[in-house]
Amino acid sequence: MKIAVIGANGQLGADISDAFDQRGDDVVRLTHEQIEVANLDSVATALREIRPRVVVNTAAMHHVEQCEADPERAFAVNATGARNVAIVCQDLQATLVHISTDYVFDGRKQSPYGETDQPAPLNVYGHSKLAGEAEIQSVAGRHIILRVSGLYGTHRCRAKGHNFVELMLKLARERGVVHVVDDEVLTPTWTAEVARQIVALSRADAYGLFHATAEGACSWYEFAREVFSRTGTPVDLQRAQPGQFPMKVPRPQYSVLENEQLKRAGLNTFRPWQEGLIHYLKACHRYEPTTVQHRYSFAQ
């Protein structure tokens, strides 16, 4: 099966490309140099030449502060760009798989969000991604929209640099003391698991909106604690004090997603987030994860 992955050199796109490769698919990797989603002619030229059966769109402007500073560009990429890809996929009768975000919610519910919960974004990024969902739903026939959360992966994130796991390990080595916020709750999700889920969906007759995250939830502080625990990293981990890391842009303090539709369809492939972290550490660092705790101290 021929697959086109838009944003194939990104953190998630690279894992998606690899996952389809491993299944024996014919994968065409498209980068920003080869396709500009905000330009319909660019999208049409690139995809019509390939004529894929499935198009996976990971292209996005997802740096929250940059979106807030340049909303016109954010909507051009995240909303108009989504529409452009949907238009061409509809023309080619290709299935569109589009990546969205937990930031379409405001976090006030304080319990896991299902696909039928009402979105209420707090910032430009969330609004632009929600607009992209609506554009796809109004244009594309066979489409799959996946909302994801707290991604970290083997490949470097082009917009943000280090993922959270690597940043924590780096800070622990360099400083010895690490402060992390404990008032934002989410579900950390390894990009390789999202990629595996996308491959499974591409083989199924299931379309629409899906939440696609690892199982369970934690705060950023709890995630950091698990990273240090599993790697046996000596560190003094402290909860950040109120106001220590002021947010420049409003973000949902609770953005846990429940994979209701994947489970209802019998297609959910995700494991608990702790298991995803273990497999990531083994793959990236060749750690044999440990639970020995005498090498570090955590604030309680």
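The values are calculated or read from the model by the stated rules, or taken from the named source; none is laboratory data. In this text the structure is predicted, and so the values were computed from the model without any measurement. Note: ideal-geometry Cβ built from the backbone for every residue, glycine included; neighbour counts use all protein chains shown.
All but one of (1) surrounded by fewer than 22 Cβ atoms within 10 Å (Cβ to Cβ); (2) out of contact with any Gly (no Cβ under 8 Å at 6 or more places or on another chain); (3) in contact (Cβ under 8 Å) with a residue 60 or more places away in the chain; (4) under 20 Å from I16 (Cα atoms) hold for H155, so report the exception by its number.
(2)
How many residues are outside any helix (DSSP H, G or I) and in contact (Cβ under 8 Å) with a residue 40 or more places away in the chain when one looks only at region 212-241?
17
Does V180 satisfy being surrounded by 16 or more Cβ atoms within 10 Å (Cβ to Cβ), of a type outside the set (K, R) and either modelled with pLDDT under 95 or farther than 24 Å from V104 by Cβ (or both)?
Taking the combined requirement at face value, the residue satisfies it.
Taking G216, is it at positive phi and modelled with pLDDT under 95?
So G216 fails the test.
Identify the residue in region 14-37 that is under 20 Å from the mean Cα position of the chain (by Cα) and among the small types (G, A, S) and, among all such residues, is nearest to Y152 (Cα to Cα).
The qualifying residue nearest to Y152 (Cα to Cα) is A14.
I'm trying to understand the selection: among the residues of region 31-52, which are in contact with a Gly (Cβ under 9 Å, 6 or more places away or on another chain) and assigned to a helix (DSSP H, G or I)?
Across region 31-52, the qualifying residue is only V43.
Under 8 Å between Cβ atoms, at least 6 apart or on separate chains: pull out the pairs that start in region 134-149 with a residue that is buried (at least 21 other Cβ atoms within 10 Å of the Cβ) and modelled with pLDDT under 95 and end on any residue that is aromatic (F, W, Y) and not in a helix (DSSP H, G or I).
none
What residue, of T191, T187, T154, is over 28 Å from Q110 (Cα atoms) and touching a helix residue (DSSP H, G or I) at 6+ places or on another chain (Cβ under 6 Å)?
T154
Which condition number in (1) of a type outside the set (F, W, Y); (2) in contact (Cβ under 8 Å) with a residue 12 or more places away in the chain; (3) out of contact with any helix residue (DSSP H, G or I) (no Cβ under 8 Å at 6 or more places or on another chain) is the one that E72 fails?
(2)
Have a look at Y152, Y207 and point out the one that is modelled with pLDDT of 90 or more and within 20 Å of G7 (Cα to Cα).
Only one candidate passes the filter, namely Y152.
Table: residues versus (1) modelled with pLDDT of 95 or more; (2) over 23 Å from R147 (Cα atoms).
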| position | (1), (2) |
| --- | --- |
| A14 | no, no |
| Q22 | no, yes |
| R29 | yes, no |
| Q34 | no, yes |
| V37 | yes, no |
| L40 | yes, yes |
| L47 | yes, yes |
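For region 78-93, what are the residues that are surrounded by fewer than 24 Cβ atoms within 10 Å (Cβ to Cβ) and either under 19 Å from G150 (Cβ atoms) or of a type in the set (G, A, S) (or both)?
A79
Out of (1) closer than 26 Å to G13 by Cα; (2) without any contact (Cβ under 8 Å) to a residue 12 or more places away in the chain, what's the single condition that is false for L257?
Failing condition for L257: (2).
Quick check on my filter: what residues within region 155-170 are in a loop (DSSP other than H, G, I, E, B), within 19 Å of A195 (Cα to Cα) and either modelled with pLDDT of 90 or more or aliphatic (A, V, I, L, M) (or both)?
none
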